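Some notes on the structure that comes next.
The values are calculated or read from the model by the stated rules, or taken from the named source; none is laboratory data. Because the structure is predicted, anything quoted here is derived from the model rather than measured. Backbone-built Cβ (ideal geometry, glycine too); neighbour counts: all protein chains shown. Calculation scope for accessible area: heavy atoms of the full protein, side chains included, ligands and nucleic acids excluded. Shrake-Rupley method; radii C 1.70, N 1.55, O 1.52, S 1.80 Å.
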Amino acid sequence: MTDKSQQFASDNYSGICPEAWVAMEKANRGHDRAYGDDQWTERASEYFRNLFETDCEVFFAFNGTAANSLALASLCQSYHSVICSETAHVETDECGAPEFFSNGSKLLTAASVNGKLTPQSIREVALKRQDIHYPKPRVVTITQATEVGTVYRPDELKAISATCKELGLNLHMDGARFTNACAFLGCSPAELTWKAGVDVLCFGGTKNGMAVGEAILFFNRQLAEDFDYRCKQAGQLASKMRFLSAPWVGLLEDGAWLRHGNHANHCAQLLASLVSDLPGVELMFPVEANGVFLQMPEHAIEALRGKGWRFYTFIGSGGARFMCSWDTEEARVRELAADIRTIIGG
């Protein structure tokens, strides 16, 4: 993509990466079995088990809301609660889906530091009340990378996991941008999940170059009991499942998933380096994944929009979010940075 349509509002704006596209084209040749009994779904599942170095249970869903909501619903009963950050996507942007699919499990928000939960904040919420009138905490959900672009280190994950085990809580990871976290830290997927105590991961494909599709990986296989039925009931069992799983084969077979994550992260670091020295412009959070959060004067935000740039803002805060994608071009990053510098300087 070389035209002015390349934007920074969301990594969902990007198209399908070549590896996923080619895999879907190959899967489109001839007939194959339906409902996940096809060769592509089997291959993708084995790729995940090899990548994560463990015999995990693997399921596929159409989107992140379904993946997160069904995974959380499988970890608790309707009278339980889920502890999450106040900025968590399941809390702010999933339209009550976690509560809906769990038949009422309540989300309890805990304070976060740069978007990340801490053992202390989890413990405070979990132990706040223990009487029968209060929804019993059963799950902690964390986002990797977080909604503000920060990344949990392995030692942070292990500390959270230890707290969960102490309190009898399951640990779920929303990995919409899990690829970007792996790329930033240089850690293996296993080190950032089950080796650190994560029970279930929702691995995002859409933001890493796929058209649709997320993978749900149960490292604690007992928690996956009847999850296939849950997916069917929720309308997430694709009849032509190979078109959800084949793109994963394309991404995983030669490491394209990580290359794309590295590229998106690099573009975010480039943007931050080109504008963070400007007076009146401040980084709101460390740039650790593929997002750059800038505090800017309101007039600068409006001027940027006047120039045709698209990005998300936070009402009343002067904050703007710029997301880079697998296909973001450095030249486009430099154009954006140049316009910011011109507006601020002028």
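Worth a mention:
- Dipole of the chain, positive direction: furthest Cα of N103, C202, A238, with charges on the beta-carbon: N103
- Secondary structure note: in the chain, about 55% of the DSSP beta bridges are antiparallel.
- Of interest is the spacing of the C-alpha centroids, which for the stretch 80-133 and the stretch 32-58 amounts to 31 Å.
- As a calculated quantity, the FRET efficiency between S239 and A338 at R0 = 41 Å, using C-beta atoms, amounts to about 0.25.
- Average accessible surface area per residue within the stretch 62-163, 1.4 Å rolling probe, Å²: 43 Å²
- Taking the accessible area of the stretch 185-315, probe 1.4 Å, and keeping the other protein chains in place, the carbon and sulfur fraction comes to 50%.
- Of K158/K232; K116/K195; K195/K232; K165/K195; K106/K240, pairs whose Cα-Cα distance is over 22 Å: K158/K232; K195/K232; K106/K240
- If you plug the beta carbon distance of R221 and V22 into 1/(1 + (r/R0)^6) with R0 = 35 Å, you get a FRET efficiency near 0.65.
- Compared with the direct C-alpha span, the chain from E302 to K232 gains 20.7 nm at full extension, assuming 0.36 nm per residue.
- Label assignment, volume of the Cα convex hull per residue in Å³ derived from the structure, set [x] 178; [y] 145; [z] 132: [z]
- ³J(HN,Hα), Karplus 6.51/-1.76/1.60, whole Hz, each residue of the stretch 44-58, x for Gly, Pro: 4, 4, 5, 4, 5, 5, 5, 5, 8, 6, 7, 8, 8, 7, 10
- When the chain is treated as a GNM with alpha-carbon contacts under 10 Å, the residue of G64, G280, G291 showing the greatest mean-square fluctuation is G280.
- Accessible area of M241 (1.4 Å probe, protein heavy atoms only, ligands and nucleic acids ignored): about 10 Å².
- Projecting the Cα positions of Q120, P189, I160 onto the charge dipole of the stretch 34-193 (unit charges on Cβ atoms of Lys, Arg, Asp and Glu, taken about the Cα centre) puts Q120 furthest along the positive direction.
- As a ratio to 2.2 N^0.38 Å, the alpha-carbon radius of gyration computed for the stretch 256-345 takes the value 1.03.
- Projected label distance in nm at Q130 and Q295, using a 7 Å step from Cα toward the beta-carbon: 4.0 nm
- At an R0 of 25 angstrom, the distance between the Cβ atoms of E156 and L283 translates into a FRET efficiency of 0.75.
- Most mobile of A34, A97, A215 in a GNM of the chain (Cα contacts under 10 Å): A34
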